[in-house]
Amino acid sequence: MIKLYGLRMSNYYSLTKALLIEKGFDFEEIKAPPSQKADYLERSPMGKMPSLELNGVHLSESMAIFHFLEAQRPGLMPADPMAAAKVVELVLHLMLNVELVARRCLPELLFNQPVSDETKTEVARDLEKGIRAVRQLSSSSAYLAGDQVTVADFYLFYCLRPAAGMAKIAGVDLLSLCPELEARCQALEKHPSIAKVSEEAARR
């Protein structure tokens with residue numbers, strides 16, 4: 001059985017859990033906060049959450065885990081190579097140019113460690129560019145990348161709102177920059193696998 005290591009406080013842990021549920025895998029959740037201890041680094045070389053284990057083999061990084069799951073049970077990527085590449089393009093913008101940019105404000109949000117005004121200015125500038133890229137690439141159809149749900153929708157749901165929370169430190173109302181993306185997140189709240197993750201988190 002697959003073992004999923006991490007904590008539900010991590011948006012990428014929750015994302016990976018939703019993907020496992022979406023694809024119907026049996027899995028065991030193992031609480032494991034991020035660490036730089038040697039045994040943890042064997043599972044996740046950067047000491048981050050989440051990581052996955054199957055038959056003694058460890059895998060970290062949410063996109064790597066997704067590609068493994070998708071290879072076993074396809075369904076969240078288009079068959080057309082260019083369309084699939086466009087989905088990955090969206091995911092990378094959400095991860096690198098939205099969530100990761102906003103994460104620069106995390107020390108002040110969680111640990112009361114002030115972020116410099118210069119950093120806040122850079123975050124505000126770069127978030128606007130990142131959101132612009134996501135909006136430019138977004139489909140006008142029901143889902144972010146087209147007529148069917150893809151992994152891009154999962155990354156939208158689990159990246160946008162955490163980024164919005166962190167962006168407030170930089171004085172950015174991120175969701176006001178992309179109301180249509182927030183509307184997509186509201187619709188995704190009812191998607192069965194995402195809803196199940198949220199329901200289980202609320203019960204704990």
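The values are calculated or read from the model by the stated rules, or taken from the named source; none is laboratory data. Predicted model only: the values in this text are computed from it and were never measured. With ideal geometry, Cβ positions are generated from the backbone for all residues, glycine too; neighbour counts draw on all protein chains shown. Side chains are part of the model used for accessible areas, which takes the heavy atoms of the whole protein and leaves out ligands, DNA and RNA. Shrake-Rupley method; radii C 1.70, N 1.55, O 1.52, S 1.80 Å.
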Output for Cβ contacts, cut-off 7 Å, separation at least six or different chains, first residue more than 25 Å from residue 120 (Cα to Cα) and open to solvent by 70 Å² or more (accessible area, probe 1.4 Å) in region 170-190, second modelled with pLDDT of 95 or more and not in a helix (DSSP H, G or I), reads none
Quick check on region 86-107: of everything there that is over 15 Å from the mean Cα position of the chain (by Cα) and open to solvent by less than 50 Å² (accessible area, probe 1.4 Å), which residue is farthest from residue 134 (Cα to Cα)? 107
Okay, strands (runs of 3 or more DSSP E) sitting entirely in region 5-75 with 3 or more residues that are under 23 Å from residue 199 (Cα atoms) and more than 17 Å from the chain's Cα centre (by Cα), I get 27-31
Expected output for region 22-50 (first residue open to solvent by 30 Å² or more (accessible area, probe 1.4 Å), partner of a type in the set (S, T, N, Q), Cβ below 6 Å, 6+ apart or cross-chain) is 22/193; 43/51; 49/10
Confirm whether residue 160 is closer than 23 Å to residue 70 by Cα, open to solvent by less than 70 Å² (accessible area, probe 1.4 Å) and modelled with pLDDT of 95 or more. yes
Being outside any helix (DSSP H, G or I) and either basic (Lys, Arg) or free of Cβ contacts under 8 Å to residues at least 12 places away in the same chain (or both) narrows it down to one of 114, 107, so name that one. 114
Cβ-Cβ distance below 7 Å, separation of 6 or more or different chains: which pairs start in region 136-149 with a residue that is closer than 16 Å to residue 85 by Cβ and end on one that is open to solvent by less than 30 Å² (accessible area, probe 1.4 Å) and among the aliphatic types (A, V, I, L, M)? 137/90; 138/144; 144/90; 144/152; 144/156; 145/87; 145/90; 145/152
Mind telling me which of the residues 116, 35 ends up being under 30 Å from residue 129 (Cα atoms) and small (Gly, Ala, Ser)? 116
Only one of 83, 124 is assigned to a helix (DSSP H, G or I), in contact (Cβ under 8 Å) with a residue 60 or more places away in the chain and more than 19 Å from the chain's Cα centre (by Cα), namely 83
